[in-house]
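A quick write-up on the structure given underneath.
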Amino acid sequence: MAETNTETSVKLNEILDEEREALLRGDLEKLSALLVPKETLIEAMNSIPQADLNAVRILDGKVRRNQALLDGALEGIRSVAHRMARLRDVKGALETYGADGKRHDIPLGPDSSVERRA
C-alpha cells in the first residue's frame, strides 16, 4: 500500500508541475487535458491513509499555488472580456454631453467617422 501511495504522490506532483507550466504559458488545452488525471489522482490520495505528511504538505502547497494562478488567469480573462464588450459599445455609438449637461448617444453606422477637435 505504501508503494501505491508513493507512486500516486509522485504522479500528482508531476501533474501539478505540468499544470503550473501550462498556467504560466496560458495553454488552456493542456490545462483541460490535465484536469481528469489530476482529479483521479487526488481522489486516489484521499482514499488511502497518508503516511508521509511532508509529501502531502508539499502537494497541498502546489495545489494552492496553482489555484492562485488559475484564479489570476480567470480574472484576466474576465477583464479582457469586459474590455472587449466596452470597445464594442464604443464602436457602435458616441456618447456626448450637451449644453444642458445631459448625456446624448449618437449611433454610428459602419461607415461613420468622427472628427475630433481640441
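The values are calculated or read from the model by the stated rules, or taken from the named source; none is laboratory data. Since this is a predicted model, take the numbers as computed values, not measurements. Because the Cβ atoms are built from the backbone with ideal geometry, glycine has one as well, and the counts that use them run over all protein chains shown. Surface areas here come from the heavy atoms of the whole protein model, side chains and all, with no ligands, DNA or RNA. Shrake-Rupley method; radii C 1.70, N 1.55, O 1.52, S 1.80 Å.
Using a Förster distance of 25 angstrom, determine the FRET efficiency expected from the C-beta separation of L35 and A85, and round it to 0.05. Before the final figure, lay out the partial values.
Values: r = 28 Å, r/R0 = 1.11.
Step by step, r from the Cβ atoms, then E = 0.35.
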> What net charge is computed for the residues neighbouring P37, neighbours being all others with C-beta under 14 Å from the C-beta of P37, Lys and Arg scored +1, Asp and Glu -1?
Replying inline: -4
> Using a simple charge model, +1 on the beta-carbon of Lys and Arg, -1 on the beta-carbon of Asp and Glu, nothing else, what dipole does region 3-43 show about its Cα centre, in debye to the nearest 20?
Replying inline: 140
> Residue separation times 0.36 nm, minus the C-alpha to C-alpha distance between E43 and A99: what's the value?
Replying inline: 13.6 nm
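Please find the FRET efficiency linking L28 to L108, where r is the Cβ-Cβ separation and R0 is fixed at 35 Å, and quote it to the nearest 0.05. Numbers along the way, then the final one.
Values: r = 34 Å, r/R0 = 0.98.
Taking R0 as 35 Å, the efficiency between L28 and L108 is 0.55.
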> Here are several values of Rg/Rh (Cα atoms, Kirkwood Rh): (i) 1.09; (ii) 1.03; (iii) 1.36. Which one was derived from the coordinates shown?
Replying inline: (iii)
> Using modelled amide H (1.01 Å from N, peptide plane; none on Pro or chain starts), what sits under 5 Å from the amide H of A93, excluding residues fewer than 5 places away?
Replying inline: L108
> What's the center-to-center distance, using Cα atoms, between region 41-55 and region 61-81 in Å?
Replying inline: 25
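Only Lys, Arg, Asp and Glu count, each charged at its Cβ (+1, +1, -1, -1), so figure out the dipole size of the chain about its Cα centre, rounded to 20 debye. Spell out each step's value before the answer.
On the way: 18 positive and 21 negative charges, 148 e Å.
The dipole of the chain has a size of about 700 debye.
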>> Just to make sure I understand: if all protein chains stay in place, what is the order of S9, S32 by accessible area at 1.4 Å, largest first?
In response: S32, S9
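Counting only heavy atoms of protein chains, what accessible area per residue, in Å², does the chain have with a probe of 1.4 Å? Don't skip to the end; give the middle numbers.
On the way: 9290 Å² over 118 residues.
I get 79 Å² per residue for this part.
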> At a Förster radius of 41 Å, what calculated FRET efficiency corresponds to the Cβ-Cβ distance of E75 and R117, to the nearest 0.05?
Replying inline: 0.60
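Ignoring any ligand, DNA or RNA, what whole percent of the accessible area of the chain comes from carbon and sulfur when the probe is 1.4 angstrom? Intermediate values should be presented prior to the final figure.
On the way: 5120 of 9290 Å².
In the chain, the share of accessible area belonging to carbon and sulfur is 55 percent.
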